[in-house]
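Written below as structure tokens is the structure these notes are about.
The values are calculated or read from the model by the stated rules, or taken from the named source; none is laboratory data. Everything quoted here is computed from the prediction, not taken from an experiment. Methodologically, a virtual Cβ is constructed for each residue, glycine included, from the backbone with ideal geometry; neighbour enumeration extends over all protein chains shown. The area values use the complete protein model at the heavy-atom level, side chains included, leaving out ligands, DNA and RNA. Shrake-Rupley method; radii C 1.70, N 1.55, O 1.52, S 1.80 Å.
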Amino acid sequence: RLRKWQERIRTKDAGERNLQFALSEIDRMASALGVPRSVREVASVIYRRALNEDLIRGRSIEGVSTAALYAACRQEGIPRSLDEVADVSRVPQKEIGRTYRYISQELGLELKPVDPKQFVPRFASALQLSEEVQSKATEIIDVSAEQGLLSGKSPTGFAAAAIYAASLLCNEKKTQREVADVAQVTEVTIRNRYQEQIEAMGFR
Amino acid sequence: MTNPADSIEIQNVVASTGIGQELDLEALAEDLPGADFNPDNFPGLVYRTQEPKAAALIFRSGKIVCTGAKSIDDVHDALGIIFEKLRGLQIPVEDDPDITVQNIVSSADLGHNLNLNALAIGLGLEDVEYEPEQFPGLVYRMDEPEVVILLFGSGKIVITGGKRTDDAEEAVEEIVERIEGLGLLG
DNA sequence: AATTTACTTTAGAAAGC
DNA sequence: GCTTTAAAAAGTAAATT
């Protein structure tokens with residue numbers, strides 16, 4: 001009986017230490033990503049729910065922490081791409097994506113697909129582009145998405161192409177390489193999306 | 001008006017069977033030309049048939065998995081060839097081993113482009129997985145028939161997880177009905 | 001910049017780590 | 001969980017030419 005008590009205390013302590021570690025990791029990654037405190041709170045809640053539902057078993061604490069943060073960013077409307085999240089995590093991108101899909105399904109988060117427009121302000125300001133370019137990029141996204149061009153396309157690549165197009169239209173040109181770097185996509189992807197969007201806008 | 005169900009093509013059939021006899025895979029790898037056996041990587045021996053084209057995983061227990069066949073008939077033909085090859089090597093093989101189809105992968109074309117964002121919400125986020133950052137297809141888990149459907153923006157789809165030939169046809173009819181009900185099919 | 005090759009997702013079995 | 005096998009869908013990426 002005494003052994004059982006000690007066992008319980010020991011596992012309780014271990015669980016407590018694991019939780020503290022997860023929360024501090026979420027804090028560290030959130031700071032590195034520059035997301036507000038509210039997102040860290042949401043991520044913590046998601047992590048605790050995953051813990052209560054026993055979803056951590058068979059997965060790494062780091063992986064679930066990162067996936068919870070990725071989910072929280074989306075839930076709060078300020079998404080980070082898996083690439084960006086992977087940059088501040090010590091878990092590979094593939095595992096983050098897989099873990100996110102798992103906890104999202106099990107916790108019933110029901111998050112809507114990421115809207116490319118949500119990347120525009122952040123990417124545009126990183127490129128020092130004006131408000132005018134941002135609203136133009138937003139318009140390009142709306143028009144081309146409405147014509148069915150968004151299906152199956154990566155939201156970051158879609159946003160990057162629209163920003164590139166808008167920078168040209170507003171005489172604030174950025175090169176495909178510059179846009180590709182901040183959006184973490186290749187120039188080829190920007191070119192492909194750009195051509196489709198220009199056509200959808202009735203230009204060319 | 002072309003029926004999407006008529007566009008169904010079986011792309012892959014996975015089946016399992018067993019010869020009811022333990023095997024020495026090391027020896028078999030020597031006697032079977034073209035056999036791949038790397039026990040450090042994977043416990044099964046890989047053997048490919050040319051006509052019909054298929055790949056078999058042969059295990060020490062005598063159990064066999066056949067993949068890559070384009071029809072259930074092809075599965076039987078390919079396994080029949082393998083059974084004969086084994087008999088030719090003086091390995092006793094049951095007269096008519098039971099062959100169980102484990103999975104059928106089919107493709108089809110709905111004939112219209114699909115708005116996957118609208119579909120994700122319309123079909124119900126709880127049954128849908130659509131993460132275009134990770135994969136361009138929308139993953140839809142259907143209950144009846146119990147299959148998984150991958151839907152793409154082009155209207156092309158993949159049906160997998162079914163064990164009967166009819167599953168794909170029923171699934172296509174069902175998904176077309178649901179998409180039409182949402183007013184999301186051309 | 002075009003081609004080629006390769007990897008992402010789904011399902012399922014097998015034996016073993 | 002992972003390992004291997006095959007096949008489709010379409011997007012993205014990297015290596016060659």
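Find the accessible area per residue for the protein assembly as shown; the probe is 1.4 Å, ligands and nucleic acids are left out, and the unit is Å².
Per-residue value: 52 Å².
Report the accessible surface area buried between chains B and A, summing both sides, using a 1.4 Å probe on protein heavy atoms only, in Å² rounded to the nearest 100.
Accessible area lost upon association: around 1600 Å².
Treating only the Cβ of Lys, Arg, Asp and Glu as charged (+1, +1, -1, -1), what charge dipole size does segment B:14-100 show about its Cα centre? Round to the nearest 20 debye.
About 240 debye.
Under 8 Å for C-alpha pairs, at least 6 residues apart: give me the relative contact order for segment B:109-180, rounded to a whole percent.
Relative contact order for segment B:109-180 comes out at 28 percent.
Suppose we compare each residue of segment B:148-174 in its chain alone and in the full protein complex with a 1.4 Å probe; which ones drop by at least 10 Å² of accessible area?
Checking the loss per residue gives B:Gly153.
Under a point-charge model restricted to the Cβ atoms of Lys and Arg (+1) and Asp and Glu (-1), what is the dipole moment magnitude of the protein assembly as shown relative to its Cα centre, in debye to the nearest 20?
It works out to roughly 2200 debye.
Between 0 and 90 degrees, rounded to the nearest ten: what's the tilt of helix B:72-88 against the longest Cα principal axis of chain B?
The two axes meet at around 10 degrees.
Using a 1.4 Å probe on the heavy atoms of the protein chains only, list every residue of segment A:92-110 that has 30 Å² or more less accessible area in the complete assembly than in its chain alone.
Output list: A:Arg101, A:Gln105, A:Glu110.
Which residues, if any, in segment A:134-160 have at least 50 Å² less accessible area in the whole protein complex than in the isolated chain, probe 1.4 Å?
Checking the loss per residue gives A:Ser151, A:Gly152.
Which residue, B:Phe42, B:Phe152, B:Phe59, tops the fluctuation ranking in a GNM of chain B built on C-alpha contacts under 10 Å?
Ranking B:Phe42, B:Phe152, B:Phe59 by mean-square fluctuation puts B:Phe42 first.
If contacts are Cα pairs under 8 angstrom and at least 6 residues apart, what is the relative contact order of segment A:51-204 in percent?
19 percent
By how many degrees, 0 to 90 and rounded to 10, does the Cα axis of helix A:37-52 deviate from the longest principal axis of chain A?
50 degrees
Find the relative contact order for chain B and round it to a whole percent, using C-alpha pairs within less than 8 Å whose residues are 6+ positions apart.
23 percent
Would you mind telling me the share, in percent, of accessible area of segment B:14-100 contributed by carbon and sulfur at probe 1.4 angstrom?
46 percent
Which whole-angstrom value gives the distance between the alpha carbon centres of segment A:119-134 and segment B:66-108?
With segment A:119-134 and segment B:66-108 each reduced to a Cα centre, they are spaced 59 Å.
Keeping all protein chains in the complex and leaving out DNA, RNA and ligands, what accessible area do you get for A:Tyr194 with a 1.4 Å probe, in Å² to the nearest 10?
About 40 Å², ignoring ligands and nucleic acids.
Compute a Gaussian network model of chain A, connecting alpha carbons closer than 10 Å, and tell me which residue from A:Ala126, A:Ala30, A:Ala165 fluctuates the most.
Of A:Ala126, A:Ala30, A:Ala165, the most mobile in the Gaussian network model is A:Ala126.
Mind checking the angle between helix A:155-169 and chain A's longest principal axis? C-alpha axes, 0 to 90 degrees, to the nearest 10.
On a 0 to 90 degree scale, this one is about 30.
Between B:Asp95, B:Asp166, B:Asp109, which gets the highest mean-square fluctuation from a Gaussian network model of chain B, Cα cutoff 10 Å?
Of B:Asp95, B:Asp166, B:Asp109, the Gaussian network model singles out B:Asp95 as fluctuating most.
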